[in-house]
Amino acid sequence: ACLVHTTETVRVRYFMDRLLECRRPVMLVGNAGTGKSVLVGDKLGSLDAEKYMVKNVPFNYYTTSAMLQDVLEKPLEKKAGRNYGPPGSRRLIYFIDDMNMPEVDAYGTVQPHTLIRQHMDYNHWYDRNKLLLKEIHNIQYVSCMNPTAGSFTINPRLQRHFCVFSLSFPGAEALSSIYSSILSQHLGGESFSSALQRSSSTLVQLALALHQRVSSTFFPTAVKFHYIFNLRDLSNIFQGILFCTSNCVKTPVDLLKIYLHESDRVYRDKLVEEQDIQAFDKLQTDTVKKFYEDMEEELQQTREMNLYCHFARGLGEPRYMAVESWSSLSKILLEVQDSYNEVNATLNLVLFEDAMAHIHTSSSSSGGSQGVSRPAERQSPSSMSWVVPWASSQWDVPGTPPEEGVQEASGIDARATSTGSSRCGGAAALLRAPPGWPSSSPYL
């Protein structure tokens, strides 16, 4: 992740530096998308590897104290007697993400929290098989928590050990500085024209204005619970723009077109009712007209077709380009279908325009060639699957409820996340990234 510091993050980073030096536990609290995990990850990544070890411990609803203890004990080695600690003289830092996610039992307690509190109070826990005391030394905790999810609060007996800092959403000026820095740095290289570089600030202001209008227009409800728009959506839009090279974007109009495509993938694909889709289209058009003049013809063109993908010029070499026409996209998909049918059961698809558009949308929200988990913000929620990453592997279990999906894996990293899956069934499987494609790409 790219971290662009603001005044607030610099302040928090200063206190984290001082507190970690003094071996004090730190907790960052804030809504989703405020950069808690990125800020902590940036700090922990800068530590001297000869003096520190870092163990990531992500929590989920199904985390138990036994699962947690197994993970906490993995990097430890036995010292003298009943003493345990990290190898050598290094200090071990446990980074606990989503601290308040585990299930609250019938008595109002949380098993993993109780284990951590016991260690922070008494510097020990017990061997679950031999029932012997284990003294744990040279470790400390850093955690993050979203108060709007999970159990909302944690036991005060645990929280009293932490120095708690609250992270809020950056203001308009900070957001403009963040995304202007990201976009201008990208457009400053690869032979982009000076006109493009000058237009970057206008595009950033357009993106911020549209994001503000979308987040203040579409609110989550019991049925539309996924209507949540935060900084991750903005980041996903600019992430897509950063895939473009000078061959793809040559004029400010091209830059606007790819922004419109990315905002459709991030915002429009979340919407589930035709009324909401029409309202978004009107919001998008009105906002564009405020920042760009004489764009009626270009907006009309984007309504007819405005698709970008890595396979627009075929599957030989991945280049993020605009799809030229429906016929060219149909030709590419038919070639992929023929290739798929050579090694799998025959699959014959009728590739009408809506089907091709949905395959394109599904590929834009799927992971890269290594099967990385998909950002939920780039998904259509119409059909669901459960991605269960564990250790270095992960599986797609279509139609599997979260309880069954997690039970198939054991360990703290069996973390269920609800993500969108293709409504076209096996059609999405046709578009597989060839070897050499970047695994970190959120696109096909």
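Just a yes or no: is a residue in segment 7-17 open to solvent by less than 60 Å² (accessible area, probe 1.4 Å), at pLDDT below 90, over 19 Å from the mean Cα position of the chain (by Cα) and more than 20 Å from Arg160 (Cα to Cα)? Yes, segment 7-17 has at least one match.
Of everything listed in (1) assigned to a loop (DSSP other than H, G, I, E, B); (2) of a type in the set (A, V, I, L, M, F, W, C); (3) surrounded by fewer than 19 Cβ atoms within 10 Å (Cβ to Cβ), the single unmet condition for Phe165 is (1). With respect to Leu334, determine if the residue is more than 21 Å from Ala195 (Cβ to Cβ), open to solvent by less than 10 Å² (accessible area, probe 1.4 Å), among the aliphatic types (A, V, I, L, M) and out of contact with any Pro (no Cβ under 8 Å at 6 or more places or on another chain). Criteria not met by Leu334. Count of segment 271-326 residues, restricted to those that are among the hydroxyl-bearing types (Ser, Thr, Tyr), more than 23 Å from Met356 (Cβ to Cβ) and not in a loop (DSSP other than H, G, I, E, B), is 2.
Screening the candidates Lys36, Lys55, Lys51 for the property of being of a type in the set (D, E, K, R) and buried (at least 20 other Cβ atoms within 10 Å of the Cβ) yields one hit, Lys36. Of the listed requirements (1) open to solvent by 30 Å² or more (accessible area, probe 1.4 Å); (2) more than 24 Å from Gly35 (Cα to Cα), Thr148 misses just one: (2).
State all residues of segment 39-48 that are open to solvent by 50 Å² or more (accessible area, probe 1.4 Å) and touching a Leu at 6+ places or on another chain (Cβ under 8 Å); if no residue qualifies, say none.
Kept after step one, since they are open to solvent by 50 Å² or more (accessible area, probe 1.4 Å), are these residues of segment 39-48: 42, 45-46, 48.
Correct list: Asp42 only.
Taking segment 26-40 as the range and being of a type outside the set (Val, Ile, Thr) and more than 18 Å from Phe162 (Cα to Cα) as the test, the residues that pass are Asn31, Ala32, Gly33, Gly35. Residues that are touching a Gly at 6+ places or on another chain (Cβ under 9 Å), open to solvent by less than 40 Å² (accessible area, probe 1.4 Å) and under 16 Å from Pro25 (Cβ atoms) are absent from segment 68-84 altogether.
The C-beta contact set for segment 10-21 (first residue closer than 13 Å to Gly35 by Cβ, second residue open to solvent by 30 Å² or more (accessible area, probe 1.4 Å), distance under 7 angstrom, 6+ apart or interchain) comprises Val12/Phe165.
Would you point out the residue of segment 263-302, among those that are basic (Lys, Arg) and open to solvent by 20 Å² or more (accessible area, probe 1.4 Å), that is nearest to Pro220 (Cα to Cα)? Let's see the steps before the verdict.
Applying the first criterion (basic (Lys, Arg)) to segment 263-302 yields 265, 268, 270, 282, 289-290.
Narrowing the set further to residues that are open to solvent by 20 Å² or more (accessible area, probe 1.4 Å) leaves 265, 268, 282, 289-290.
Numbers: Arg265: 18, Arg268: 15, Lys282: 20, Lys289: 28, Lys290: 27 Å.
Residue satisfying both the conditions and the ranking: Arg268.
Considering segment 216-248, and only residues there that are among the hydroxyl-bearing types (Ser, Thr, Tyr) and in a loop (DSSP other than H, G, I, E, B), the residue that is most open to solvent (accessible area, probe 1.4 Å) turns out to be Thr221. Evaluation of Thr114 against the conditions (1) touching a residue at least 40 places away in the same chain (Cβ under 8 Å); (2) not in a helix (DSSP H, G or I) shows that the sole unmet condition is (2). Of the residues Leu203, Leu175, the single one that is crowded, with 18+ Cβ neighbours inside 10 Å and modelled with pLDDT under 90 is Leu175.
Taking the criterion of being within 23 Å of Thr245 (Cα to Cα) and either in contact (Cβ under 8 Å) with a residue 12 or more places away in the chain or more than 31 Å from the chain's Cα centre (by Cα) (or both), the residues of segment 317-337 that qualify are Pro318, Arg319, Tyr320, Met321, Ala322, Val323, Glu324, Ser325, Trp326, Ser328, Leu329, Ile332.
The values are calculated or read from the model by the stated rules, or taken from the named source; none is laboratory data. Nothing here was measured: the structure is a model prediction, and the numbers come from that model. Cβ atoms come from the backbone with ideal geometry, glycine included; neighbour counts cover every protein chain shown. These area figures cover heavy atoms from the full protein model, side chains too; ligands, DNA and RNA do not enter into them. Shrake-Rupley method; radii C 1.70, N 1.55, O 1.52, S 1.80 Å.
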